[in-house]
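To start, the structure under review is shown below, and the notes come after it.
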Amino acid sequence: MQPLHTFSVGVAPDLVSLVSQFEKRGFCFVNLDFAKDRLSVLKTKLTTFFSTPNKALGSENVFLGYSSTTSKETLRFLAGHHREEDKHLLPYLNVDGFMDEWCNTIVRKLLKTHAVDIFGCSYESLGNDYDILLCQKEGPFSCGLVDVAYYLNNNPEKIHNKQKQETNNNNDNDEDVTNQNCTSHVDPGLISLSLFSTAPGLQLYDPEREEWIDAPVASKDEESFVGVLWCGDAAVKASGGRIKAAIHRVLYHDEPRLTVWYEAVHRSQIPESFLRVREVAAITSNNIGKEDKCGEVVKSFEANSSNSQDDGIFCIKIKTLTGRIIEVSVENDYTWYRVKQLIEEKEGIPPPKNRLIYRGQVLVDDKRICDNKVPSGGVVHMVLAL
């Protein structure tokens, strides 16, 4: 198992093995021992954060920052691009600039050095032709997404029964979902790096062996600093189908699980309105020459945009097959994939398992709400994909 950082500097004797594993199963294990000191500090700080009661820092349906549901709590940010309202979270998230500088840099170097070897296309093509933000021209959007999830594993029976009822007989491979916190799915981005998991739960599917493999667990000495690189749907498209997307799922466990991963995301995974905010903020900041003006521009832009459905937040209704209504707060520029992510946060149903229909038309993942002219209060029907 080769240390991850050696791939990014061109010294990669195991590159052939890495590509082979991506082609056969969509994932491989990598050695993160060279970053063990900062990973240890990061794990300690995040554990402290999630054990703090009455955080009251967020709510459901927020894209960035802190949010919570009945089954998990999350922290999410674009590496290197922080909103003013999230800066109080950085002492927990960004140990010595680790999550910003290290994740962006090491994954970017890996892709710059070996994009052709792995995907069969250039680094520039990944950005320009396949909309991978990290690979686009240097600027406010050239970054990846950091996700931190704290799975509570507190009341699985309630969620089990709901998933079983919703799934009914629509699960085409008869997969048992009764013990799954998050059912099997693939990610939409190019590549993800899982830094650690503190307890069992994450599993990856090996199609060659036709079996599920447990991801490394940080509490085990021999797995303390073993990470996972896995490919998403964008990798399949960029490689012309040669690379597989890693199928993974999360099982319930008898203790909470803290996990951190970084993803080189597709542009459609980020709300367009947020990208516009960052662009306006970056331009203004450059013109003024003062970094602290960026936050002021973001706040001003968001304040001016929140007064109408054209750019502000409004609610749509998601109706399930059982007739239950789920209200979701959205913006017109949200893609339907983003809406599916919001549904996953509420219901535990991964986007690939979800199909949305409005007025008889299946809603396409990379289309926006405004493209389909769904109004505030509009009813979108949800069915499980076969």
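The values are calculated or read from the model by the stated rules, or taken from the named source; none is laboratory data. All figures in this text were calculated on a predicted structure; none of them were measured in a lab. Heads up, the Cβs are rebuilt from the backbone with ideal geometry, glycines too, and the neighbour counts pull from every protein chain shown.
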- Task: State whether the residues of the stretch 156-167 include one that is in contact with a Lys or Arg (Cβ under 8 Å, 6 or more places away or on another chain), buried (at least 20 other Cβ atoms within 10 Å of the Cβ) and either modelled with pLDDT under 75 or over 21 Å from Ser268 (Cβ atoms) (or both).
- Result: no
- Mind listing whichever residues of the stretch 4-27 are modelled with pLDDT of 95 or more and touching a Leu at 6+ places or on another chain (Cβ under 6 Å)? Phe27
- Note on the structure: Ala235 vs (1) in a strand (DSSP E or B); (2) aliphatic (A, V, I, L, M); (3) under 20 Å from Asn104 (Cβ atoms): all pass except (1)
- Message: Which residue is surrounded by the fewest Cβ atoms within 10 Å (Cβ to Cβ), if the candidates are limited to the stretch 218-232 and must be more than 20 Å from the chain's Cα centre (by Cα) and part of a loop (DSSP other than H, G, I, E, B)?
- Response: Lys220
- Message: Taking the conditions exactly as written (crowded, with 20+ Cβ neighbours inside 10 Å and not small (Gly, Ala, Ser)), does Pro375 satisfy them or not?
- Response: no
- Query: Here are some conditions: (1) part of a helix (DSSP H, G or I); (2) under 23 Å from Ser197 (Cα atoms); (3) at pLDDT below 80; (4) more than 20 Å from the chain's Cα centre (by Cα). Thr52 meets all but one. Which one does it not meet?
  - Reply: (1)
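Find the strands (runs of 3 or more DSSP E) located wholly in the stretch 244-329 whose residues include 1 or more that are acidic (Asp, Glu) and modelled with pLDDT of 50 or more, and list them.
Working: elements: 248-251, 257-264, 313-319.
In the stretch 244-329, 257-264 are the strands (runs of 3 or more DSSP E) which contain 1 or more residues that are acidic (Asp, Glu) and modelled with pLDDT of 50 or more.
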- Message: Out of Asp129, Asp147, Asp187, I need the residue that is of a type in the set (D, E, K, R), surrounded by 21 or more Cβ atoms within 10 Å (Cβ to Cβ) and modelled with pLDDT of 75 or more. Which one?
- Response: Asp187
- Message: Can you list residue pairs whose Cβ atoms sit under 9 Å apart, with the first residue in the stretch 7-24 being in the same structural domain as Leu193 (by TED's automatic domain parsing) and under 17 Å from Gly227 (Cβ atoms) and the second being among the β-branched types (Val, Ile, Thr) and at pLDDT below 85? Count only pairs 6 or more apart in sequence or on different chains.
- Response: Ala12/Thr6; Asp14/Thr6
